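Below is one structure; the comments refer to it alone.
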Amino acid sequence: MVRTRDERVPARFPPTRHSALAALRGADEEQRRRALSALTGAYWRPVYAYLRLHWRKAHAEAADLTQDFFAHLLEKELLTRFDPARARLRTFVRTCVDRIVAEAARDSRRLKRGGGAIAVPLDFDGERVSVERAAGAAEPPDLLFEREWARGVFATALRTLRDRCVREGKPQHFELLERYDLAAGPERPSYADLARCFGIATTDVTNRLAWARRQLREVVLDLLRECTTSDSELREEARVLLGLASP
């Protein structure tokens, strides 16, 4: 995760009344489908990982059930039952997954697919590697789902940021972020190393990394805003994911 020590949550977050949750409860079918895509982007990874690691589903079955779940979310209007005063959205989603898996096992039948309702690309084969790498870890269901939710939010945010950098002619900004903040392994290059590698000044490395980090923070907050129902919940989720302190 990318954490910034010198930045704080703004005194006022943008309002959450136009979140995906609100749209899913509305009457506009097109907005409902766009909202489903937003929620799918944030939650398909933790749902898939949870089915693999907690319910011990095989890859193909977990992928099918994940797609079934989000189609079912829209068709059966499950989110109309969500009460933010009682639980966070991710807790409600996990409970719904548990219920759907139990029903599928009891009834021995599959849920009806949503017929193209989900417009988000779901890279189950790519996610399979990461999930199977974590298969040996024994975690309580709630912690497992929360970990995979956080990983999924960042994966979605990084993909969005990469696309933004390409559109704005700043692919090097994202590559610097990858090389410095996201690189695996105990050693990472210094700013001077990156400057020599990219043929730019050290101050350029500093400035471009700062820009990429700000943009990543904004993208993560936008994703959280889609999946929260109040400023207080948004603040708490930002604290958990970004290490941002309340003002």
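The values are calculated or read from the model by the stated rules, or taken from the named source; none is laboratory data. Please read all numbers here as calculations on a predicted model, not as lab measurements. Ideal geometry is used to build each Cβ from the backbone, glycine not excepted, and the neighbour counts take in all protein chains shown.
What is the number of the single condition among (1) over 26 Å from residue 87 (Cβ atoms); (2) under 16 Å from the mean Cα position of the chain (by Cα) that residue 165 does not meet?
(2)
Go through segment 207-247 and count every residue that is assigned to a helix (DSSP H, G or I) and over 24 Å from residue 163 (Cβ atoms). Even if it seems obvious, please write down each step before you answer.
The first filter runs over segment 207-247 and keeps only residues assigned to a helix (DSSP H, G or I), leaving 207-226, 231-242.
Now restrict to residues that are over 24 Å from residue 163 (Cβ atoms): 231-233, 235-236, 239-240.
Qualifying residue count, segment 207-247: 7.
I'm trying to understand the selection: among the residues of segment 215-247, which are touching an Asp or Glu at 6+ places or on another chain (Cβ under 8 Å), at pLDDT 85 or above and not hydrophobic (A, V, I, L, M, F, W, C)?
217
With 216, 194, 176, 221 as the choices, which residue is in contact (Cβ under 8 Å) with a residue 60 or more places away in the chain and over 30 Å from residue 83 (Cβ atoms)?
216
Among the residues in segment 144-153, are any free of Cβ contacts under 8 Å to residues at least 60 places away in the same chain, touching a Leu at 6+ places or on another chain (Cβ under 6 Å) and assigned to a helix (DSSP H, G or I)?
No, the conditions are met nowhere in segment 144-153.
Among the residues of segment 196-203, are any hydroxyl-bearing (Ser, Thr, Tyr), modelled with pLDDT of 95 or more and surrounded by fewer than 17 Cβ atoms within 10 Å (Cβ to Cβ)?
If we filter segment 196-203 for residues that are hydroxyl-bearing (Ser, Thr, Tyr), which is where we start, we get 202-203.
Those still in the list that are modelled with pLDDT of 95 or more too: 202-203.
Checking which are surrounded by fewer than 17 Cβ atoms within 10 Å (Cβ to Cβ) leaves us with 202-203.
Checked against the condition, which is being hydroxyl-bearing (Ser, Thr, Tyr), modelled with pLDDT of 95 or more and surrounded by fewer than 17 Cβ atoms within 10 Å (Cβ to Cβ), segment 196-203 yields at least one hit.
If you check 114, 26, which single one turns out to be surrounded by 15 or more Cβ atoms within 10 Å (Cβ to Cβ) and at pLDDT below 75?
Numbers: 26 fails: surrounded by 15 or more Cβ atoms within 10 Å (Cβ to Cβ).
That would be 114, the only listed residue that is surrounded by 15 or more Cβ atoms within 10 Å (Cβ to Cβ) and at pLDDT below 75.
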